[in-house]
Structures are given as C-alpha cells and as structure tokens.
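The values are calculated or read from the model by the stated rules, or taken from the named source; none is laboratory data. Predicted, not measured: the structure shown is a model, and the values here were computed from it. Here the Cβ positions follow ideal geometry from the backbone for every residue, glycine too, while neighbour counts run over all protein chains shown. With ligands, DNA and RNA removed, areas are computed over all heavy atoms of the protein, side chains included. Shrake-Rupley method; radii C 1.70, N 1.55, O 1.52, S 1.80 Å.
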Amino acid sequence: MNTTILRKSVLGIAGLAFAGGLAAGPLHHTGTGTADARPVAAVQADTTVDAGKLIPHGVQGAQSRIDLDAEQTANAKAIMAATKKTGLDERAAVISIGTALQESKLQNLGHLGDRNDHDSLGLFQQRPSSGWGSPEQITDPQYATTAFLKGLRQVDGWQNMPLTDAAQTVQVSAYPDAYAQWEQQAADLVTQHWNNS
C-alpha cells in the first residue's frame, strides 16, 4: 500500500476517533500528566472559564477519572455554587472538587459503620469531633464546602499551590499525595458546569 494513502487512512481514523470522543464526553483512562497539561473540556458554545487558571502548573502524576451519576454531578455543582457564594474563583472550585473526589468520590456519605474513618462524614469526610460542625451540617454540601473553603483561605498562597498541597494543608490526610490524581477531572467539571451552577 502506498505510504501516502496509508497515512491519510490512519489520520482519517484518528480524526473520527477524536471527534467521536468529543461527542461522547471525556475519555476514561489513567495517564501520566505533564507540567503543561491543560484541561480537556466538553465543547460549550459560551464559556468564560479561564482554562489556564484552573490548573496553573499542570497536573501532577497519573490522573484518575470516574463516571459520575446525577447525584455526584449535582454535588459537584453544589460545590461550585458554594464557592461562588463565598466569592472565590474557579481555582478554589477545582481544589474543592478534587478534594471531594478523593474523599468521597463526590458522594455525600453518612456514617459507614465499620468502614468509617473515625466519625468522618459528607463530601469532604469532615469530622464532627475535629470541629468541622455537627453531622447534619457537614452532610449539607453547601455548609461542608464553605467550611472547607474557610480552611483553604487560611492557607497562604493556596491559589498557586498544586491541588494536592492545598488540599492536604486543609484536610491533613494520611495520604497527602492522593488528591493530585483528581485535578484533571475536577478542572473538567468546573469547565463544564461553572457557568450554570
């Protein structure tokens, strides 16, 4: 087969795969991020989200992605709405959603019995015994997000930190580097829903 024809065939198939991927939504794979990776977002007609602001230094390490159901998407939108209400920007929403993806997979978790980490509850797995609020408060997405953002605001330079460092400073997790894997999906969610949350 002629190399020109072969090249055109391969490029045509790649173009169809790419276009099909955009129509179907984000790809579901784990890959290695690079320092200059930028969010891949759903195509929207009118968006004012500054993509460079969402992940200012690129993602760190391999990225994870999960399929979200309607409740998880609603929780992501609730985090964005609470972020806007506190006067913070899209970067704060990316950090908050990435944190909630790690802590609860964006599920508003109640007490998990033997699987519970101490008395951790809600989207951010906040603990009443650590002063985050009552169980009723920290299972309210708006309250939980506002509490998380209050902690984030106390972190000097959080706007320019990698997500995992900012989240860890607030959450004090036993797995401080685990937040990094959710930065791309969090940025994609903010790009897709910021203007309608």
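For this structure, a couple of remarks:
- Heavy-atom accessible area order for Glu183, Glu136, largest first, 1.4 Å probe: Glu136, Glu183
- For region 157-197, the solvent-accessible area of protein heavy atoms averages 40 Å² per residue (probe radius 1.4 Å; ligands and nucleic acids excluded).
- The calculated P(r) of region 154-197, using every Cα pair and 5 Å bins from 0, goes 5, 22, 23, 21, 19, 9, 2 in percent.
- Long-range amide H partners of Gln126 with built H, under 5 Å: Leu121
- Surrounding net charge for Trp182, when Lys and Arg each add one and Asp and Glu each subtract one, Cβ distance under 11 Å: -1
- Cross-link reach is defined here as a Cα-Cα straight distance under 21 Å, omitting same-chain residues fewer than 8 places apart; for Lys53 the lysines meeting it are Lys77, Lys84, Lys85, Lys150.
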